[in-house]
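Structure in structure tokens, see below.
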Amino acid sequence: MVRLLIVMFGALAIVVGSPPTARADAADDQFINALAAQGITGDRGTLIAAGHSACVGAAATATVRGKGAQLDDVINALHVGPYEAWFVIRTAKSIYCPQYLGVRV
């Protein structure tokens with residue numbers, strides 16, 4: 001009985017202590033491929049995070065100043081120009097959060 005508990009807790013410790021496995025997501029692949037087609041490349045995780053942040057920003061930006069801040073956030077996060085940042089935001093909206101396509105940046 002004690003051995004069984006030790007084995008169970010050992011297995012639990014391995015599962016809990018293990019880093020999460022990365023999963024390829026079709027939407028993430030589509031987003032990365034669309035950016036790459038426009039020459040926007042970089043760390044996959046950073047690009048995906050910027051895309052998801054664009055959706056969060058789209059939900060929160062109701063003012064011109066807020067939209068400008070969203071554009072600045074993408075420019076600074078990805079080290080791209082305004083056109084590329086605009087493309088990232090529009091592409092993120094179309095793939096990750098199409099409900100915000102009507103919200104203009």
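Please treat every number below as a calculation from the coordinates, not as lab data. All values reported here derive from a predicted model rather than from experimental measurement. Quick reminder, even Gly has a Cβ in these numbers, built from the backbone with ideal geometry, and neighbours come from all protein chains shown.
Using Cβ counts within 10 Å as a stand-in for footprinting exposure, how do VAL88, VAL80 rank, fewest first? Mind showing how you got there, number by number?
Values: VAL88 26, VAL80 20.
Ranked by crowding around the Cβ, least crowded first: VAL80, VAL88.
Further question on the same structure: Taking the Cβ of each residue in LEU101, LEU71, LEU35 as the centre, tally the other Cβ atoms inside 10 Å and list the residues starting with the fewest. Walk me through the intermediate numbers first.
Working: LEU101 11, LEU71 19, LEU35 24.
Fewest to most other Cβ atoms nearby, the residues stand as LEU101, LEU71, LEU35.
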